[in-house]
Structure formats: structure tokens, C-alpha cells
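The values are calculated or read from the model by the stated rules, or taken from the named source; none is laboratory data. From a predicted model like this one, the values you see are computed outputs, not experimental measurements. Methodologically, a virtual Cβ is constructed for each residue, glycine included, from the backbone with ideal geometry; neighbour enumeration extends over all protein chains shown.
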Amino acid sequence: METTPVYRPVGRCIYCDAGRHSANRAKLGDEHIIPEAINGALVLPEASCGECEGKINWFEQYCMKQTLGPLRYALGLKTKRPKERPETLPLQLEVGGEWITREVPVEWAPVALLLPVFDPPEILFEREPTRTNIYTETFKIVNFATGDMGKLREEFGATKSRSYQASLRGDRFGLLLAKIAHAYATAERADIDNFNPVLPDIILRDPAAPPLPYLVGGIKKLLPESTSFNELGLARGETKYGVTWIVPIRLFGSLGAPTYQVVVSVERPPFAIKRRTIR
Ligand SMILES: [Zn+2]
């Protein structure tokens, strides 16, 4: 049985440093490091204000519903709002030699895990940022549920079906990785020397923040399926910017998902970051 560490309350918003949740609520919100919707169990108490929660919800909800929704339903992961869980999904079916789209019951649809494979964060190459958008050209697709072809044939006259195509937005998924990494690093900061967080402005989408692929990326090599569903770690490195801490993240590792790397702390931030994120 895995033990889940209990973290001490932070008492400040880990994104904007606010001391209270909102005008009419003092106590800051508890922060799930990995969203509860994908089985995240680590919680950082009293760690986010209402305004930052709103900004995080924008990309987190998209990833949980549009990108990972069908897979979450197929895996039977929990939801806070079971009534909002869709009963049907738009699925491509071959009927009479033509591909058409029909709403089909969720349990009849074949479902695949679709996640981007990212290049490493550019800062690790010790050069200035060259890209403004995160590349989502390479994907890892894992067919998860086969669906029920018999029912699709019976009900729609379908001879074939394509796996449900989840909607993936690399930028929003990258922001989710940044949020997970920053929350985890803050929770584990006692183990991090020279902790100088570099992600908050990216997470809050400050127009002056460094570009996402500068600090968020992954490893191109796909690792074998892991024994754990979600994995988080801390890795210490040295770059010309001093001590540089990385959080490796693997979500759905037991399904063979890609591994991501997020730079969370840089001892002597280069100009691209210093100009902007250090207040
Ligand atoms: Zn805040």
C-alpha cells in the first residue's frame, strides 16, 4: 500500500502569493497536485486563491473533459459532477462504405489514450528560447477500450468504427504539466536547494511570461509501461544557470504514456526568465 504524504498548509497562494482566498473568504483553497479527476491523491492545503483557481480551471477542465474525458469514463475514474458525464460520444462509423459521425453510447465506443510527445524544455540546451508554441506533432496513442462492435452494427448498420478522437491542445496540456510540477515542487521544497520557482507567470498566462516550451517539455523516448498509474519525481541538475530542478511527470504510466519534464526552479535565471518572472 502506497502512503500519501500529508503536506503542511502553505498559507499563501503558490501562484500569486495572495494571503487570502478572496474578498469574502480568508482561507485559501486546497490544491490537488495532480487533478483528482485522474486519481491525483496529493493535496497541498491552503495553497491557492480564488482568482488563480479560476485561471487554472480554464486549462485543467479542458484537459480533464475534452482530452481525457472518454478515457476517464472508460477507466471508471471518479467525477465531482456525475450528472455532467456525457452518455454519448460522437463516433466515426463506416456505414454502407461511407464514414459518418453518430452519437453513440459511451460504453459502445472504442476509446484511445492520446497524449503528445514533447521535446525537452529548451532551457536545458542552455540557449535563449527559439519557440513560442509547444510542438504537438508527435503523439502516443494507446487503444484502451475496444467498444462494442456488435451493438454498433446492430444499431447503426456500421461495419467499422474509428476510436473516439479526443481533443488535445498542446498548450493547455503543457499548462497542466506546469501547474502539476510547480505545486509538487512547492510541496517538496524542503528537499530543493536554492528554490527559485520559475513557473507561476506561465501558469497564470502573464503576457510577459517566458514561452511555454522553454520550461515545459518531455523526453522523446517512450518508456515501457510502468507499475504506477501516475508518477512524479524531483531531479536536480546543474546548468550554466546554476542549480536547476526538474519535475519528471508521467500520467497514465501504466498505460504506457509519454514522460514529461518540467523545469521548476533555476538558481540564476537567464535573461528570458529574469526579465519577466522575478518580481
Ligand atoms: Zn493566487
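So here's what we get for this one:
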quantity: Long-range neighbours under 8 Å by Cβ, at least six apart or interchain, first residue of a type in the set (Val, Ile, Thr) within region 63-75, second outside any helix (DSSP H, G or I) and modelled with pLDDT under 90; calculated: Thr67/Leu114; Thr67/Ala166; Thr67/Ser167; Thr67/Leu168; Thr67/Arg169
quantity: Qualifying position, being at pLDDT 95 or above, among the aliphatic types (A, V, I, L, M) and loosely packed, with under 15 Cβ neighbours inside 10 Å, among Ala41, Ala26, Ala18; calculated: Ala26
quantity: Pro5 being closer than 24 Å to Glu188 by Cα, surrounded by fewer than 12 Cβ atoms within 10 Å (Cβ to Cβ), at pLDDT below 95 and over 17 Å from the mean Cα position of the chain (by Cα); calculated: yes
quantity: Some residue of region 38-46 being within 16 Å of the ligand (Cβ to nearest atom) and free of Cβ contacts under 8 Å to residues at least 40 places away in the same chain; calculated: yes
quantity: 2 or more residues touching an Asp or Glu at 6+ places or on another chain (Cβ under 8 Å): qualifying helices (runs of 4 or more DSSP H) within region 197-279; calculated: 212-215, 271-277
quantity: Candidate set from region 56-80 (those that are surrounded by fewer than 18 Cβ atoms within 10 Å (Cβ to Cβ) and of a type in the set (D, E, K, R)); member that is nearest to the ligand (Cβ to nearest atom); calculated: Lys80
quantity: Top-ranked residue in region 112-164 [being exposed (fewer than 15 other Cβ atoms within 10 Å of the Cβ) and among the small types (Gly, Ala, Ser); ranked as farthest from Leu68 (Cα to Cα)]; calculated: Gly157
quantity: Pairs, first without any contact (Cβ under 8 Å) to a residue 60 or more places away in the chain and farther than 16 Å from Ile180 by Cα in region 6-22, second more than 10 Å from the ligand (Cβ to nearest atom) and of a type in the set (A, V, I, L, M, F, W, C), C-beta under 7 Å, six or more apart; calculated: Arg20/Ala26
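Rundown of residues vs (1) under 30 Å from Leu91 (Cα atoms); (2) among the hydroxyl-bearing types (Ser, Thr, Tyr); (3) not in a strand (DSSP E or B), yes/no style:
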| site | (1), (2), (3) |
| --- | --- |
| Ile123 | no, no, yes |
| Arg127 | no, no, yes |
| Thr130 | no, yes, yes |
| Phe144 | yes, no, no |
